[in-house]
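Comments concern the structure below.
Where a number appears in this text, it was derived from the coordinates with a stated rule and is not lab data. Please read these numbers as outputs of a predicted model, since none were measured by experiment. Quick reminder, even Gly has a Cβ in these numbers, built from the backbone with ideal geometry, and neighbours come from all protein chains shown.
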Amino acid sequence: MIDEFMHWTLLRIDVTRNTAEDTAMLRRFGLFGPPALIFYGKEGRLAPDAQLVGFVSADTFLAHLRRWNR
């Protein structure tokens, strides 16, 4: 699975303290809370179709990464 991450830059944002900034971040991306993964395309634009919300299995996550690595 590590090879699939070679094409991505990972940024992790912790919103578990539920501060005003955390709430604003969730609202900006249309999320209710963690866990969620959002993706940006190569051109730097948000790719809402690539968003994952909630728990997904490792197999599902890997398939998702492979789909968007194309």
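Between D3 and S57, the modelled labels are 2.2 nm apart [label points 7 Å from Cα along Cα→Cβ].
Using Cα pairs closer than 8 Å and at least 6 residues apart in sequence, work out the relative contact order for the stretch 2-69, in percent. It comes to 28 percent, rounded to a whole number. Dividing the summed -39500 (n - 2.57) terms of all DSSP H runs of n ≥ 4 by the residue count of the chain sets its mean residue ellipticity at 222 nm at -9000 deg cm²/dmol. Using 0.36 nm per residue, how much length does the chain from L11 to A50 gain when fully extended, once their Cα-Cα distance is taken away? Computed gain between L11 and A50 is 12.5 nm. Reported to the nearest whole Å, the Cα centre-to-centre distance from the stretch 50-70 to the stretch 1-39 is 14. For the stretch 2-58, the list of chymotrypsin sites (Phe, Trp or Tyr not before Pro) that fall in a loop by DSSP and count at most 10 other C-beta atoms within 10 angstrom reads F32, F55. Each of D3, D22 was scored by other Cβ atoms within 10 Å of its Cβ. Arranged with the fewest first, they read D3, D22.
As a proxy for reagent exposure, E43, E21 were ordered by neighbouring Cβ count within 10 angstrom, fewest first; the result is E43, E21. Students often get this wrong, so try it: which of (i) 3, 14, 25, 24, 18, 11, 4, 0; (ii) 3, 13, 10, 10, 9, 7, 8, 6, 6, 6, 5, 5, 4, 3, 4, 3, 0; (iii) 3, 17, 19, 15, 12, 10, 8, 6, 5, 3, 2, 0 is P(r) over Cα pairs in 5 Å bins from 0, in percent as calculated from the structure shown? It is the one labelled (i). Note that the stretch 12-19 has calculated 3J(HN,Hα) couplings of 10, 10, 8, 10, 7, 7, 6, 6 Hz, one per residue in order, obtained from phi through the Karplus relation 6.51 cos²θ - 1.76 cosθ + 1.60 (θ = phi - 60°); glycine and proline are x.
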